[in-house]
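Contents: one structure, followed by commentary.
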Amino acid sequence: MRRCRGSFVWAGSLVVAAALVGCQQPSASRAPVEMPRLTYPVTRQVDQVDDYHGVRVADPYRWLEDDNSPETAAWVQAQNAVTMPFLARLPHRDRINARLTKLWNYERYGLPYQEGGRYFYSKNDGLQNQSVLYWTERLDGEPRVLLDPNQLSDDGTVALAGYSVSHDGRLMAYGLSGAGSDWIEYRVRDIDTGTDRDDHLKWIKFSGVSWTKSNDGFYYSRYDEPPAGQELAGQNYHQKLYFHRLGTPQSEDRLIYHRPAESEKDWMISGGVTDDGEYLIIGVSKSDTTNNCIFYQSLAEPDAPVVELLNQFDAQYSFIDNDGPVFWLKTDLDAPRGRVIAIDTRRPDRGAWKEIIPESGDTLQGVSTINNQFIATYLKDAHTAVRVFDLEGRPVREVALPTLGTAGGFGGKRRDTETFYQFTSFNFPATIYRYDAATGRSTEYRRPKVDFNPADYEVKQVFYHSKDGTRVPMFIAHRKGLKLNGANPTYLYGYGGFDISLTPYFSVSTIVWLDMGGVYAMPNLRGGGEYGKAWHDAGRKLNKQNVFDDFIAAAEWLIANRYTSPRHLGIGGGSNGGLLVGACMTQRPELFAAALPAVGVLDMLRFNKFTIGHAWVADYGSPENPEEFRALYAYSPLHNLKKGTAYPATLITTADHDDRVVPAHSFKFAAALQAAHSGPAPVLIRIETKAGHGAGKPTAKRIEELTDQWAFLGWALQADASKLP
């Protein structure tokens, strides 16, 4: 469980040598740059056939799921031996790299966080591989380095994955991850001396830590140590909640709560202590539903029982704060766009629940308590609105924001009068504001200095209709003076899943694309959380095709409105967004000139076999369910490639240490795509080493990967990178 905006949230004989011979892309309005034709490594096929509910499905590249085998390692090396030289020869690659590097080189701050009379925040000088954690006694005081991850590895691949400060401000529990893995190891640091204690905790994943009010230890969740060789791809089941007492070995940590039954092995369990120190709030989720449960334990007496306050998995619940035995929660129960309720734990029957903030027409994203008030963050057509209510739910004010964009933060404790938030938009670098909750006044605290002129760019929001008539919003950004001539290189980016909303944000990489004459388009697809539970449900399980239809309709709208044409249109997305790209390029290959599926879920019949994949069943459905299997099989990118089809120019990206979406998804899709593809466009896979799903990736690796993606996309869509400053 992690603290966010004041709430607890729930939060798989190979190769022949490659050769190069000449070829070029099809002709278009601007003469394309000639690039070599590629001969791909030959990937061995096996006679693996699985029976799914009477349907026999071949899986000839099953052996690529073993990322520990020498054969897979040789395949990776052979693919990179084709991809990397190709990318290195792309036109204007050096210019793109130089512009990315220059723009990236600006100071970036994290939101200040106050605990024990001290402020904590992160800062990156610009090109540091990892941000450095600082502390100070006053906001304007001299900062002191608390932790510099850049000192922990030569290549910047060790990252700070989370931290929590004790209530007295003297100790910090912090987690480190290596090479992008989701596995985290926690240690404890004395803040005054900067030295580590002996405490060392391992096999932690998808968990933060939460200190007791007495500062003698903290709660955290972990898995059992996996078998040797299964650390990255092995399945993650039976998560357990523990208490660690300072100064004791992990082997002596006290087990607080778990579900040992095999039928409940997919339950994920997290714990957090309330700000008053009186209760341990236990969050429980499981694979086959998007709903969760809330349990609690009184900390006033030793060995108090765990009380199952909400145990029906009937809605989503997020603990906000408590006033003694009265718990405030955000929920979508009987409110698809969210509301705030109060439950008196002395009278927990539903008839006694009290509604504090009713559902509105906008989607309630998060709620915190500051200055004895609720600060509620909403999504209004996929951009942020922030409203303040008193503890009875009466409106107090709306927090004025600079423009259409995204605000986040507002963390702290109920009696604090000060909090901080960050605001950003496509041409508005992330700026930190200090908010005085007593007066309602926001003052600028940190504004980054980025080498660009925001006035040079135009941002708009449009609405279009999907295949079934659903109205879908889309943000579009480009340089001012764009001509709607149907020839603009356009990058269409999407996600569409897991109740995750895409909102306006500043990115150096987007600015570089716009400076190349490109258009950036970001639709808010069903499956996300932009319009609450109904919007999410309309894009998951048996409704997943709606997401792809929304994305395809966005492409058709851009073409019909003369922003671009199929020859100049590329698509991209990562993780679940990688699935989106894979599904759309296999369903409509003629609609796009380029595709960038990143760390994608691409084998929809085996996604649940690895690491935490079983937790995605709530969104995707299960291959073990006959009806859901049919839906999955109908769009699974790996299984819908058709031999003899000319696919778009494709650059698949993944990493060898991705233990979220294991690289086998991308490996198998790349092998199948190269075998099926009949056109002249390159279909490549770029496999990063010592990296994972994305979190904690060093700045240097991020810039190099983005350079390759923009150079590839620019070449494929005929963007003019010579326009870059």
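On a 1.4 Å probe surface of the protein chains, which of Lys240, Lys265, Lys642, Lys609 comes out largest in accessible area, and what is the full order? Working shown, then result.
Working: Lys240 25, Lys265 60, Lys642 115, Lys609 80 Å².
The most accessible residue leads, giving Lys642, Lys609, Lys265, Lys240.
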For the range 104-252, which semi-axes, largest first and in whole Å, follow from the square roots of 5 times the eigenvalues of its Cα gyration tensor? 27, 21, 12
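Rounded to two decimals, what is the ratio between the C-alpha radius of gyration of the range 542-670 and 2.2 N^0.38 Å? Don't skip to the answer; put the middle values down first.
Details: Rg = 14.5 Å, N = 129, 2.2 N^0.38 = 13.9 Å.
Dividing the Cα Rg of the range 542-670 by 2.2 N^0.38 Å gives 1.04.
Compute, for the range 71-114, the length of the dipole vector about the Cα centre, with Cβ point charges of +1 (Lys, Arg) and -1 (Asp, Glu) only. Units Debye, rounded to 20. All intermediate terms of the calculation are to be shown ahead of the outcome.
Details: 6 positive and 3 negative charges, 61 e Å.
Here the size comes out at about 300 debye.
Could you tell me what % of all Cα pairs in the chain have separations over 37 Å?
Of the Cα pairs, 39 percent sit more than 37 Å apart.
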Quick one: Debye curve from the alpha-carbon atoms of the range 254-317 only, equal weights, vacuum; give me log10 I(q)/I(0) at q = 0.18, 0.26 Å⁻¹ to two decimals. -0.67, -1.20
Amide H contacts of Tyr505 (H built 1.01 Å from N, under 5 Å, at least 5 apart or other chain): Phe426
Keeping all protein chains in place, calculate the accessible area per residue for the chain (probe 1.4 angstrom), answer in Å². 38
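First select every other residue whose beta carbon is under 13 angstrom from the beta carbon of Thr653; then total the charges, Lys and Arg +1, Asp and Glu -1.
On the way: positive: Arg686, Lys697, Lys701, Arg702; negative: Asp656, Asp658, Glu688, Glu704, Glu705, Asp708.
Around Thr653, the charge tally is -2.
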Whole Å is fine, so just give me how far the alpha carbon centre of the range 391-443 lies from that of the range 105-150. 20
Range of Cα positions in the range 60-132 per principal axis (Å), largest first: 59, 36, 17
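For the range 606-687, go through all pairs of different Cα atoms, get the mean of 1/r, take its inverse, and jot down that Kirkwood value in Å.
Numbers: mean 1/r = 0.0717 Å⁻¹.
Hydrodynamic radius (Kirkwood, Cα pairs) of the range 606-687 is 13.9 Å.
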Between the range 532-574 and the range 242-269, what is the separation of their alpha carbon centroids in Å? 42
Sorting Leu706, Ile282, Val132 by the position of each Cα along the dipole of the chain (Lys, Arg +1; Asp, Glu -1; all at Cβ), the one nearest the positive end of that ordering is Leu706
Along the range 658-673, what does the Karplus equation 6.51 cos²θ - 1.76 cosθ + 1.60 (θ = phi - 60°) give for ³J(HN,Hα), rounded to whole Hz, x for Gly and Pro? 6, 9, 9, 9, 4, x, 4, 4, 6, 4, 5, 5, 4, 4, 5, 5
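Could you calculate, for the range 417-520, the ratio of the Cα radius of gyration to the Kirkwood radius, expressed as Rg to Rh? Don't jump to the answer; show the numbers that get you there.
On the way: Rg = 16.9 Å, Rh = 16.1 Å.
With Rh from the inverse mean 1/r over Cα pairs, Rg/Rh is 1.05.
Quickly estimate the mean residue ellipticity at 222 nm for the chain, helices only: each DSSP H run with n ≥ 4 gives -39500 (n - 2.57), and the total goes over all residues, rounded to 500. Present the calculation step by step, with values, prior to reporting the outcome.
On the way: 10 runs with 118 residues, N = 725.
Taking each H run of at least 4 residues, the total per residue is -5000 deg cm²/dmol.
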What are the radius of gyration and Dmax of the range 380-450, computed over its Cα atoms and given in Å? 12.7, 43
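Quick one: pull the percent of accessible area on the chain belonging to carbon and sulfur, 1.4 Å probe, ligands and nucleic acids left out.
Summing carbon and sulfur atoms, their accessible area is 47 percent of the total for the chain.
Which entries of Lys541/Lys690; Lys330/Lys544; Lys541/Lys609; Lys460/Lys533; Lys380/Lys544; Lys467/Lys544 have Cα-Cα distances beyond 22 Å here?
On the way: Lys541/Lys690 33 Å; Lys330/Lys544 26 Å; Lys541/Lys609 18 Å; Lys460/Lys533 26 Å; Lys380/Lys544 24 Å; Lys467/Lys544 13 Å.
Long pairs (Cα-Cα over 22 Å): Lys541/Lys690; Lys330/Lys544; Lys460/Lys533; Lys380/Lys544.
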Quick query: amide H of Met268 versus all other amide H atoms, modeled in the peptide plane; which residues come in under 5 Å with a sequence gap of 5 or more or a different chain? Ser285, Lys286
So if I place +1 on the C-beta of Lys and Arg and -1 on the C-beta of Asp and Glu, and nothing else carries charge, what would the dipole magnitude of the chain be about its Cα centre? I want it in debye, nearest 20. 2220
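How big is Rg to Rh over the range 655-702, alpha-carbon atoms, Rh as the Kirkwood inverse-mean-distance radius? Walk me through the intermediate numbers first.
Working: Rg = 12.9 Å, Rh = 12.0 Å.
Here the Rg-to-Rh quotient is 1.07.
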In whole Hz, what ³J(HN,Hα) sequence does the range 532-541 give by Karplus (6.51, -1.76, 1.60; θ = phi - 60°), x for Gly and Pro? x, 4, 5, 5, 5, 4, 6, x, 10, 6
The answer for trypsin sites (Lys or Arg not before Pro) in the range 342-424 that fall in a DSSP coil and have at most 11 neighbouring Cβ atoms within 10 Å is Arg346, Arg415
Calc'd 3J(HN,Hα), the range 328-339, phi into Karplus 6.51 cos²θ - 1.76 cosθ + 1.60 (θ = phi - 60°), Hz, glycine/Pro = x, comes to 9, 9, 8, 8, 9, 5, 6, 7, x, 9, x, 8
Taking all protein chains together and a probe of 1.4 Å, list Val42, Val581, Val462 from the most accessible to the least accessible. Val42, Val462, Val581
Determine how large the accessible area of Leu329 is when every protein chain is in place; take a 1.4 Å probe and give Å² rounded to the nearest 10. 0
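Compute the projected area of the convex hull of the Cα atoms of the range 224-271, averaged over all viewing directions, and report it in nm² to one decimal place.
Details: hull surface 16.9 nm².
So the mean shadow area of the Cα hull is 4.2 nm².
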Options Trp353, Pro623, Ala81, ranked by Cα towards positive dipole end of the chain, top entry (Cβ charges): Ala81
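Report Rg/Rh for the range 188-270, rounded to two decimals, where Rg is the Cα radius of gyration and Rh the Kirkwood radius. Present the calculation step by step, with values, prior to reporting the outcome.
Values: Rg = 14.2 Å, Rh = 14.1 Å.
We get a ratio of 1.01 for the range 188-270.
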Could you rank Val145, Val661 by how accessible they are, 1.4 Å probe, largest area first? Val145, Val661
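The values are calculated or read from the model by the stated rules, or taken from the named source; none is laboratory data. Note that the coordinates shown come from a computational prediction; the quantities given were computed from them, not determined experimentally. Cβ atoms come from the backbone with ideal geometry, glycine included; neighbour counts cover every protein chain shown. To get the accessible areas, we keep the full protein, side chains included, count just its heavy atoms, and leave off ligands, DNA and RNA. Shrake-Rupley method; radii C 1.70, N 1.55, O 1.52, S 1.80 Å.
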